[in-house]
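Please read the structure below before turning to the comments.
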Amino acid sequence: MAVDVLLGLQWGDEGKGKIVDYLADQYDIVARFQGGPNAGHTIIINDQKFVLHTIPSGVFRENIINVIGNGVVIDPITLEKEIEGLEDLGVDVKSRLLVSNKAHLILPTHRLLDAASEAAKGKDKIGSTLRGIGPTYMDKTGRNGIRVGNLMQDFDRKYQQLRDKHLRLAEQYPAIDFDLAEEEEKWMASLETLRSLQKVDAEYYFHDALQNGKTILAEGAQGSMLDVDFGTYPFVTSSNTITAGVCTGMGIAPQRIRDVIGISKAYCTRVGSGPFPSELFDEDGENLRKLGSEFGATTGRPRRCGWIDLPQLRYTIMINGVTKLVVTKMDVLNDFDSFKAAETYILNGEQSKNIPFDLDVKGLEMGYKTIDGWGMLDGVNSYADSPSAFKNYISYLSKELEVPVSLISVGPERNQLLEI
């Protein structure tokens with residue numbers, strides 16, 4: 001069988017967790033392939049809110065195995081809290097969760113370095129979540145990292161060696177408020193939970209599953225515009241958030257990938273620093289933030305809000321090979337009599353549908369099209385019954401982006417979805 005991929009097409013927070021949860025019962029396995037606890041996938045079931053940071057979003061489905069792939073970086077403290085929270089809700093996590101032996105661990109000193117480095121940048125901060133993600137990936141590529149499999153193999157020596165290296169590096173930064181002894185004590189205690197989980201050589205596990213006819217959904221974290229190679233560098237994350245990351249983050253061969261399901265909000269948001277060409281600084285932007293509850297699931301930071309950016313979406317659809325488009329948070333636009341979609345970028349008087357090399361370039365403007373609103377969607381349970389203006393917007397997106405829209409979210413609950 002094949003692997004389907006589900007990922008975000010903007011700067012993250014597109015609603016991936018809800019869509020994975022909705023689609024999960026069509027698959028045997030759901031797997032995370034990159035990122036770490038800087039991601040926050042929010043799922044609302046029966047008015048109860050769940051935020052997942054490391055565990056794949058299929059964990060709420062009883063008959064589905066969830067795998068943390070080798071491309072993910074794991075903070076054992078965060079993972080332990082997440083497991084305990086789910087178990088308190090009656091979710092049998094440990095029987096449904098597997099962890100790749102090759103996934104790297106986030107150490108307390110990774111978080112120390114992250115916080116010290118970001119503090120030293122002053123006004124040039126990149127907007128790190130301070131979870132130690134960047135330093136962990138640096139150790140991974142620098143061939144110094146500690147992996148899950150090392151918990152049972154030469155762990156104490158490797159930990160001390162890496163810790164000492166980090167403390168030497170930290171000396172170059174001004175001192176910050178970070179209680180390393182306390183954080184290490186919690187970290188070491190949390191390893192017992194990680195050790196209790198089922199560990200696998202995930203690349204073999206996925207291969208065998210596919211050979212036996214199993215279906216796999218690869219779940220991305222963050223968004224395509226945060227990809228370390230193709231995003232708004234340097235205001236990006238430290239991993240490959242696009243489809244190509246599935247191959248390296250799970251050990252999946254490219255020909256195994258079938259559908260790529262891309263997710264976009266009906267508008268656009270971004271958390272932290274970095275360019276955002278369609279950002280709004282007026283009442284419309286504030287209304288989007290308020291109506292969409294646009295605050296980070298992981299950090300709690302208010303999200304920057306703007307109109308949908310079609311050149312940006314064409315770009316991420318192209319590099320991901322998207323075959324199906326999901327549009328979320330359509331209900332947030334209910335209160336707008338009209339709204340806008342950015343159709344072109346304008347630089348030095350020239351219009352283009354391609355995004356420039358540097359989105360932070362001075363003088364960059366957007367060419368907008370005004371879209372008619374549709375009013376409230378209360379009681380709309382099918383796409384066929386939705387207002388004509390609503391359908392017109394979906395048709396417009398599909399035509400402009402040259403990819404079919406297959407699913408539309410019209411509310412926070414898992415059942416507030418319209419299939420086309």
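Tell me which residues, restricted to segment 336-359, are surrounded by 13 or more Cβ atoms within 10 Å (Cβ to Cβ) and either within 30 Å of GLU413 (Cα to Cα) or touching a residue at least 60 places away in the same chain (Cβ under 8 Å) (or both).
The answer is PHE336, PHE339, LYS340, ALA341, ALA342, TYR345, LEU359.
For segment 144-155, how many residues are at pLDDT 95 or above and either over 23 Å from ASN70 (Cα atoms) or among the charged types (D, E, K, R) (or both)?
1
Looking at ARG304, ARG256, ARG270, ARG289, can you tell me which residue is touching a strand residue (DSSP E or B) at 6+ places or on another chain (Cβ under 7 Å) and buried (at least 24 other Cβ atoms within 10 Å of the Cβ)?
One residue alone meets the criteria, ARG270.
In segment 15-40, what residues are within 20 Å of THR136 (Cβ to Cβ) and either among the polar types (S, T, N, Q) or in a strand (DSSP E or B) (or both)?
Residues of segment 15-40 that are within 20 Å of THR136 (Cβ to Cβ), as a first pass: 31-40.
Result: ALA31, ARG32, GLN34, GLY35, ASN38.
For segment 153-168, which positions are without any contact (Cβ under 8 Å) to a residue 24 or more places away in the chain and assigned to a helix (DSSP H, G or I)?
Residues of segment 153-168 that are without any contact (Cβ under 8 Å) to a residue 24 or more places away in the chain, as a first pass: 153-158, 160-161, 164-165, 168.
Those that are without any contact (Cβ under 8 Å) to a residue 24 or more places away in the chain and assigned to a helix (DSSP H, G or I): PHE155, ASP156, ARG157, LYS158, GLN160, GLN161, ASP164, LYS165, ARG168.
Mind listing just one residue for me: the one in segment 47-61 that is over 14 Å from the mean Cα position of the chain (by Cα) and in contact (Cβ under 8 Å) with a residue 60 or more places away in the chain and, of those, surrounded by the fewest Cβ atoms within 10 Å (Cβ to Cβ)? Before you say what the answer is, go through the steps one by one.
Initial filter on segment 47-61 (over 14 Å from the mean Cα position of the chain (by Cα)): 47-50, 58-61.
Next cut, in contact (Cβ under 8 Å) with a residue 60 or more places away in the chain only: 47, 58.
Details: ASP47: 7, GLY58: 27.
Only one residue fits best here, namely ASP47.
Identify all residues within segment 41-61 that are in a loop (DSSP other than H, G, I, E, B), modelled with pLDDT under 80 and not acidic (Asp, Glu); write none if there are none.
Of all residues in segment 41-61, those in a loop (DSSP other than H, G, I, E, B) come to 46-47, 53-61.
Still in the running and modelled with pLDDT under 80: 46-47.
Of everything in segment 41-61, just one residue is in a loop (DSSP other than H, G, I, E, B), modelled with pLDDT under 80 and not acidic (Asp, Glu), namely ASN46.
Hey, among the residues in segment 335-383 that are polar (S, T, N, Q) and not in a strand (DSSP E or B), which one's farthest from ARG314 (Cα to Cα)?
Start the filter on segment 335-383 by keeping residues that are polar (S, T, N, Q), which leaves 338, 344, 348, 351-352, 354, 370, 381-382.
Going one step further and asking which of them are not in a strand (DSSP E or B), we end up with 348, 354, 381-382.
Numbers: ASN348: 22, ASN354: 8, ASN381: 29, SER382: 27 Å.
The extreme case among them is ASN381.
If we keep just the residues of segment 398-411 that are more than 18 Å from LEU6 (Cβ to Cβ) and either in a loop (DSSP other than H, G, I, E, B) or in contact with a helix residue (DSSP H, G or I) (Cβ under 9 Å, 6 or more places away or on another chain) (or both), which is modelled with the lowest pLDDT?
We begin by selecting, within segment 398-411, every residue more than 18 Å from LEU6 (Cβ to Cβ); these are 398-400, 402, 410-411.
Then drop every residue that is not either in a loop (DSSP other than H, G, I, E, B) or in contact with a helix residue (DSSP H, G or I) (Cβ under 9 Å, 6 or more places away or on another chain) (or both), which leaves 400, 402, 410-411.
Numbers: GLU400: 97, GLU402: 97, VAL410: 93, GLY411: 90.
Only one residue fits best here, namely GLY411.
Filter segment 17-35 down to residues that are under 13 Å from the mean Cα position of the chain (by Cα) and at pLDDT below 90 and give me whichever is surrounded by the most Cβ atoms within 10 Å (Cβ to Cβ).
It comes out as VAL20.
Of ASP25, ASP21, ASP13, which residue is free of Cβ contacts under 8 Å to residues at least 40 places away in the same chain and within 23 Å of SER406 (Cβ to Cβ)? Full working, then the answer.
Details: ASP21 fails: free of Cβ contacts under 8 Å to residues at least 40 places away in the same chain; ASP13 fails: free of Cβ contacts under 8 Å to residues at least 40 places away in the same chain.
Checking each option against the conditions leaves just ASP25.
Just wondering, is there one or more residues in segment 111-119 that are among the hydrophobic types (A, V, I, L, M, F, W, C) and assigned to a loop (DSSP other than H, G, I, E, B)? Explain how you work it out, then say what you get.
Going residue by residue through segment 111-119, those that are among the hydrophobic types (A, V, I, L, M, F, W, C) are 112-113, 115-116, 119.
Adding the requirement that they be assigned to a loop (DSSP other than H, G, I, E, B) leaves none.
Within segment 111-119 (the criterion being among the hydrophobic types (A, V, I, L, M, F, W, C) and assigned to a loop (DSSP other than H, G, I, E, B)), the answer is no, since none of the residues qualifies.
Just to confirm my filter: which strands (runs of 3 or more DSSP E) fall fully inside segment 169-276 and include at least 2 residues that are in contact (Cβ under 8 Å) with a residue 24 or more places away in the chain and more than 24 Å from GLY15 (Cα to Cα)? Outline the logic, then answer.
Values: elements: 198-200, 216-219, 257-265, 268-270.
In segment 169-276, 198-200 are the strands (runs of 3 or more DSSP E) which contain 2 or more residues that are in contact (Cβ under 8 Å) with a residue 24 or more places away in the chain and more than 24 Å from GLY15 (Cα to Cα).
Does at least one position in segment 110-126 carry a residue that is in contact with a strand residue (DSSP E or B) (Cβ under 9 Å, 6 or more places away or on another chain) and of a type in the set (Gly, Ala, Ser)?
In the first step, residues of segment 110-126 are kept if they are in contact with a strand residue (DSSP E or B) (Cβ under 9 Å, 6 or more places away or on another chain); the result is 110.
Adding the requirement that they be of a type in the set (Gly, Ala, Ser) leaves none.
No, there is no match, as no residue in segment 110-126 is in contact with a strand residue (DSSP E or B) (Cβ under 9 Å, 6 or more places away or on another chain) and of a type in the set (Gly, Ala, Ser).
Go through segment 109-143 and give me each residue that's among the charged types (D, E, K, R) and at pLDDT 80 or above. Reasoning before the result, please.
We begin by selecting, within segment 109-143, every residue among the charged types (D, E, K, R); these are 111, 114, 118, 121, 123-125, 131, 139-140, 143.
Selection gives ARG111, ASP114, GLU118, ARG131, ASP139, LYS140, ARG143.
Are there any pairs with C-beta distances below 7 angstrom linking a residue in segment 62-77 that is assigned to a loop (DSSP other than H, G, I, E, B) to a residue that is β-branched (Val, Ile, Thr), with the two at least 6 apart or on different chains, and if so which?
So the pair list comes out as ILE64/ILE29; ILE64/VAL30; GLY71/THR248; ASP75/ILE106.
How many residues are outside any helix (DSSP H, G or I) and at pLDDT 95 or above when one looks only at segment 293-334? Step through it out loud before you land on a result.
If we filter segment 293-334 for residues that are outside any helix (DSSP H, G or I), which is where we start, we get 293-309, 321-329.
With the extra rule that they be at pLDDT 95 or above, the set shrinks to 304-309, 321-329.
Qualifying residue count for the region: 15.
Can you name the number of the only condition in (1) more than 22 Å from GLY367 (Cα to Cα); (2) in contact with a Gly (Cβ under 7 Å, 6 or more places away or on another chain) that GLY251 fails?
With (1) more than 22 Å from GLY367 (Cα to Cα); (2) in contact with a Gly (Cβ under 7 Å, 6 or more places away or on another chain) applied to GLY251, the lone miss is (2).
The values are calculated or read from the model by the stated rules, or taken from the named source; none is laboratory data. Bear in mind that the values here come from a model prediction, so they are computed numbers and not experimental data. No Cβ is skipped: glycine too gets one built from the backbone with ideal geometry, and neighbour counts run over all protein chains shown.
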